[in-house]
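Colleague: Before we start, here is the structure in question, set down as structure tokens.
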Amino acid sequence: MLRMLAQPVIEAMSSLRNGLRGRSKLNKQSVPTIVTTPVNVSIVIPIFNEADNLPKLITHVAKLNPPPYQVVLVDGGSTDKSVAMAKALIKTFMCDRQAPVIEWQLIESEAGRAVQMNAGAAQVTGDTLLFLHADTQLPNAAITEIVQSMTYHDWGHFDVRLNSRSPMLWTVSRMMNARSRLTRIATGDQAIFIKKSCFDTLGGYPNQPLMEDIELCKRLKNIARPACLSSEVTTSARRWQKYGTWQTIFLMWRLRFDYWCGVAPELLKQRYYSHSKIAGLKK
């Protein structure tokens, strides 16, 4: 009698168990597989009379872990030994079997940072561009951080640190980082990176002699929010040290304000270099 009464319960439990097994199989089959596409980062570096700095620059880039897919050096008509030195250094790394596999290129273009960066971008075969100034060093894991951020963003930049122990320049660095996060506009010193498809859609850097990085970011932020990476790039403080911290601060803010008011970049360039010559004579 007890067995007869328990039979329906046993059958019900068996059906429930089978149903759960079926649901488990269904759920496993219905979970989509996430397919990730490899991101190849190409670094574009404009150079002009950087012979003294090139050994440090190229060695630094070659030691990034993981390494970039490609590095394009763009010389803007150097009058020192920059081109010859770059060729020799590239040949050394390409012949070193223990060095990471990187596609190195050295090209020449007209002078001008925007012109040089656009010329370098035209040679790129990777899908992500990283524009690096010759006096700026990346964090060692920069490539990994860029690849991760490209999953959710079309462009971005790093925080920056001026290579000086001066408390004032430390403050300047923090102000630059806060400003870029607040306004979503970065400077070239912050190593701007961007998907090549997005860069091509915008037509590259605007062909202007100054504020080309500001103008590019103004256009980019209308398309997408940037990835603001807290890892710091280290950039040279030589301009601040040579011309004076406060003088440089006032000059850069004045130039930015005038640009915002519509002053032509060509006129801003004249003011910038005129101020630099005057400040250099005062030192």
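Colleague: Using θ = phi - 60° and the Karplus curve 6.51 cos²θ - 1.76 cosθ + 1.60, what whole-Hz ³J(HN,Hα) does each residue of region 101-117 get, with Gly and Pro shown as x?
Modeller: Computed from phi, the couplings for region 101-117 are 7, 10, 7, 8, 9, 10, 10, 10, 8, 5, 6, x, 4, 5, 4, 5, 5 Hz.
Colleague: Past 23 Å, Cα to Cα, is the threshold; run Lys56/Lys87; Lys91/Lys242; Lys81/Lys269; Lys195/Lys218 against it and keep the listed order.
Modeller: Beyond 23 Å: Lys91/Lys242; Lys81/Lys269.
Colleague: Let me ask something else about it. Collect residues whose amide H, placed 1.01 Å from N in the peptide plane, falls under 5 Å from the amide H of Trp104; neighbours closer than 5 in sequence don't count.
Modeller: Result for Trp104 returns Val71.
Colleague: Hey, rough spin-label estimate for Trp246 and Trp170, points 7 angstrom out along Cα→Cβ, what's it come to in nanometres?
Modeller: In this crude spin-label approximation the distance works out to 2.1 nm.
Colleague: So, one more: Determine the shape class of region 37-137: with a ≥ b ≥ c the square roots of the Cα gyration tensor eigenvalues, call it rounded for a/c under 1.5, and otherwise prolate if a/b is greater than b/c, oblate otherwise.
Modeller: Oblate is the answer for region 37-137, as a/c is 1.5 or above yet b/c matches or exceeds a/b.
Colleague: Is there a quick way to get the dipole size of region 155-283? I mean about its Cα centre, with the Cβ of Lys and Arg at +1 and of Asp and Glu at -1; what is the value in debye to the nearest 20?
Modeller: About 360 debye.
Colleague: With θ set to phi - 60°, apply the Karplus curve 6.51 cos²θ - 1.76 cosθ + 1.60 along region 202-218 and write out the HN-Hα couplings as whole Hz, x wherever there is a Gly or Pro.
Modeller: Coupling constants for region 202-218: 7, x, x, 5, x, 7, 9, x, 8, 6, 5, 6, 5, 5, 4, 5, 4 Hz.
Colleague: Tally Lys and Arg at +1 and Asp and Glu at -1 over the other residues with C-beta under 11 Å from the C-beta of Phe158: what net charge comes out?
Modeller: Once positives and negatives cancel, what remains is -3.
Colleague: Here is a further query. Tell me the net charge near Leu220. Cut-off is 9 Å between Cβ atoms, Leu220 excluded, with +1 for each Lys or Arg and -1 for each Asp or Glu.
Modeller: Every neighbour counted, the sum reads +3.
Colleague: Counting only other residues whose beta carbon sits under 14 Å from that of Ala99, what net charge do I get with K and R as +1, D and E as -1?
Modeller: +1
Colleague: Then there's this: For region 85-125, build the charge dipole from Cβ charges (+1 Lys, Arg; -1 Asp, Glu) around the Cα centre, then report which of Gln98, Val115, Met85 sits farthest towards its positive end.
Modeller: Gln98
Coordinate-derived values only; no laboratory data. What you see is a predicted model, and the numbers here were worked out from it, not measured in a lab. A quick note on method: Cβ atoms are made from the backbone with ideal geometry, for glycine too, and the neighbour counts reach across all protein chains shown.
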